[in-house]
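Participant: Handing you a structure now.
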Amino acid sequence: MSPTPSPITQQDVLQPRSISLREAFLFWLKLGFISFGGPAGQISIMHQELVERRRWISERRFLHALNYCMLLPGPEAQQLATYIGWLMHRTWGGVIAGVLFVLPSLFILIALSWVYIAFGDVPVVAGLFYGIKPAVTAIVVQAAHRIGSRALKNGWLWGIAAASFVAIFVLNVPFPLIVLGAAVIGYFGGRLAPEKFRTGGHSAAKRSYGPAVIDDDTPTPGHARFSGWKLARLAVIGAILWTLPMAMLTALFGWEGTLTQMAWFFTKAALLTFGGAYAVLPYVYQGAVGHYGWLTPTQMIDGLALGETTPGPLIMVVAFVGFIGAYVHQVFGPDQAFVAGAIAATLVTWFTFLPSFLFILAGGPLVESTHNELKFTAPLTAITAAVVGVILNLACFFAYHVLWPKGFEGALDWPSLLIAIVAGVALLGFKRGVIEVLIGCGLIGLGVHLMF
């Protein structure tokens, strides 16, 4: 019989332990199944688990990595997981973290897409969605509160957040311009008023959470230092991983084939769109619905609802687009519709996320070399403040579409409002978990939907 484990002592709290790859693997696998709430909710979950609870990384290093991921095209939450996995356990650690962040969502969306296209509307599913959508709105509000309470340390940063919100909500300024503007303000602000742009929350984080495995002053590990040879090798590997499947698709189906065009289109989507999933979606809508006709506008909206209510990055809606497009177009014939859809969903996921891994593994060493230099950190601190305003705008966007489904000219959906309030109280007041809130609100929504 194994000995009884000793209780955690004060010494254990003060001395962070090392994290094995197996322990990290199990956590990233769990995260892949619980990462609900879109990018804001997912970042909030990672902050709570990795910074506050497990203390694998300090808040300062966490936010520094997040700022870099915000600058990249692609899903910032998945890239953040990849970055932290890479920093802790080298390249394989990053690959494991990034893949497990996506893989459960891919399998779930393939299954849900098949149910959706093969069996049509299901009242039970509609009822669950009715309750989950207000809960997702509350999750985004919670994320804005959590990140804002830590990032907005003074009036300058509050002003940047407010300006960011006005720019995107009122003036409809593109997200990349907001990021660029915040970076410029941070650059000059760091020179004119450096004390306003220092990430000053790290000492408070130590008092609240204890030392971290990767702390503010932890030296950069050898694998995270820049090397021209490593960068060249990574570029070659990345080119091979993109070229081989694209060449095979072109040889099998021709350049104009549905699967080949999907691979090419989603490569462009991964490279040309900044600002995370919500910036990518208009581009995907225009191409998949308007140009290629892979699915209808109604199907695209339903796919977005599926993406919002399943774990994983919201951009995983591309798996739904690929599945429906290949299924409806019967790429492999009428008898192999499901196989065609599943392969298409997997392919578009590959071409959408491959650049994300390359950006992190190639750019990570540069980011690690700048986490203590104000001339680099000040612009990123300003970007974090701007992101708070963008997340708040997203919450308003969700609230509008959930609470006024027919627009402001229609009636307020009171049941949805009450569900959103219940979710917000549970998350912010009682500190309940995201999964509990989603399940509870889904069941409430099902009851309301079946009664009315």
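Participant: Write out, first by first residue and then by second, each pair whose Cβ atoms fall under 6 Å of each other, whose residues are 6+ apart or on separate chains, and whose first residue, in region 291-315, is closer than 17 Å to A269 by Cβ while the second is at pLDDT below 80 and hydroxyl-bearing (S, T, Y).
Facilitator: M300/Y285
Participant: Out of all the residues in region 326-341, which are over 17 Å from Q299 (Cβ atoms) and assigned to a helix (DSSP H, G or I)?
Facilitator: P334, D335, Q336, V339
Participant: For residues that are of a type in the set (A, V, I, L, M) and out of contact with any Gly (no Cβ under 8 Å at 6 or more places or on another chain), scanning just region 341-361, find the one that is least open to solvent (accessible area, probe 1.4 Å). Step through it out loud before you land on a result.
Facilitator: First, pick out the residues of region 341-361 that are of a type in the set (A, V, I, L, M): 342-345, 347-348, 354, 358, 360-361.
Narrowing further to those that are out of contact with any Gly (no Cβ under 8 Å at 6 or more places or on another chain): 342-343.
Values: A342: 20, I343: 69 Å².
Result: A342.
Participant: Please find, among E409, E436, the residue that is charged (D, E, K, R), under 21 Å from L128 (Cβ atoms) and exposed (fewer than 14 other Cβ atoms within 10 Å of the Cβ).
Facilitator: E436
Participant: G93 versus (1) crowded, with 24+ Cβ neighbours inside 10 Å; (2) within 26 Å of L354 (Cα to Cα): which is the lone unmet condition?
Facilitator: Single failed check for G93: (1).
Participant: Are any residues in region 223-247 open to solvent by 80 Å² or more (accessible area, probe 1.4 Å) and closer than 18 Å to V348 by Cα, and if so, which ones?
Facilitator: Those that are open to solvent by 80 Å² or more (accessible area, probe 1.4 Å) and closer than 18 Å to V348 by Cα: I240, L244.
Participant: Under the condition of being surrounded by 20 or more Cβ atoms within 10 Å (Cβ to Cβ) and touching a Gly at 6+ places or on another chain (Cβ under 8 Å), which residue from region 365-384 is modelled with the lowest pLDDT?
Facilitator: The extreme case among them is T377.
Participant: Next question. If you take the residues of region 405-431 that are outside any helix (DSSP H, G or I) and modelled with pLDDT of 85 or more, which of them is nearest to V141 (Cα to Cα)? Let's see the steps before the verdict.
Facilitator: From region 405-431, those outside any helix (DSSP H, G or I) are 405-413, 430-431; that's our starting set.
When the remaining residues are screened for being modelled with pLDDT of 85 or more, the result is 411-413, 430.
On the way: A411: 23, L412: 19, D413: 19, F430: 15 Å.
It comes out as F430.
Participant: Anything in region 267-295 that is at pLDDT 80 or above, open to solvent by less than 30 Å² (accessible area, probe 1.4 Å) and hydrophobic (A, V, I, L, M, F, W, C)? List them, or say none.
Facilitator: Selection gives A269, A270, V284, A288, V289, W294, L295.
The rows are residues; the columns are (1) closer than 12 Å to L80 by Cβ; (2) more than 19 Å from the chain's Cα centre (by Cα); (3) in a helix (DSSP H, G or I); (4) not small (G, A, S).
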| site | (1), (2), (3), (4) |
| --- | --- |
| E23 | no, yes, yes, yes |
| G32 | no, no, yes, no |
| F36 | no, no, no, yes |
| G41 | no, no, yes, no |
| R61 | yes, no, yes, yes |
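Participant: Still on this structure: Helices (runs of 4 or more DSSP H) wholly in region 113-232 with at least 1 residues that are touching a Leu at 6+ places or on another chain (Cβ under 7 Å) and either at pLDDT 80 or above or farther than 14 Å from L380 by Cα (or both) - which ones?
Facilitator: Answer list for region 113-232: 123-151, 155-169, 175-192.
Participant: Same structure, new question: What pairs can you find where one residue is in region 125-143 and within 24 Å of L66 (Cα to Cα), the other is assigned to a helix (DSSP H, G or I) and hydroxyl-bearing (S, T, Y), and their Cβ atoms are less than 7 Å apart, with a gap of 6+ or different chains?
Facilitator: Every condition considered, the pairs that remain are Q142/S44; A143/S44.
Participant: Can you pull out the residues in region 134-157 that are within 17 Å of the chain's Cα centre (by Cα) and of a type in the set (D, E, K, R)?
Facilitator: Passing the criteria: only R146.
Participant: Hey, among T258, T250, T298, which residue is among the polar types (S, T, N, Q), open to solvent by 30 Å² or more (accessible area, probe 1.4 Å), modelled with pLDDT of 95 or more and more than 16 Å from S356 (Cα to Cα)?
Facilitator: Exactly one of T258, T250, T298 is among the polar types (S, T, N, Q), open to solvent by 30 Å² or more (accessible area, probe 1.4 Å), modelled with pLDDT of 95 or more and more than 16 Å from S356 (Cα to Cα), namely T250.
The values are calculated or read from the model by the stated rules, or taken from the named source; none is laboratory data. From a predicted model like this one, the values you see are computed outputs, not experimental measurements. Here Cβ is always computed from backbone atoms with ideal geometry, including for glycine, and neighbour counts include all displayed protein chains. For accessibility, only protein heavy atoms count, side chains too; no ligands or nucleic acids. Shrake-Rupley method; radii C 1.70, N 1.55, O 1.52, S 1.80 Å.
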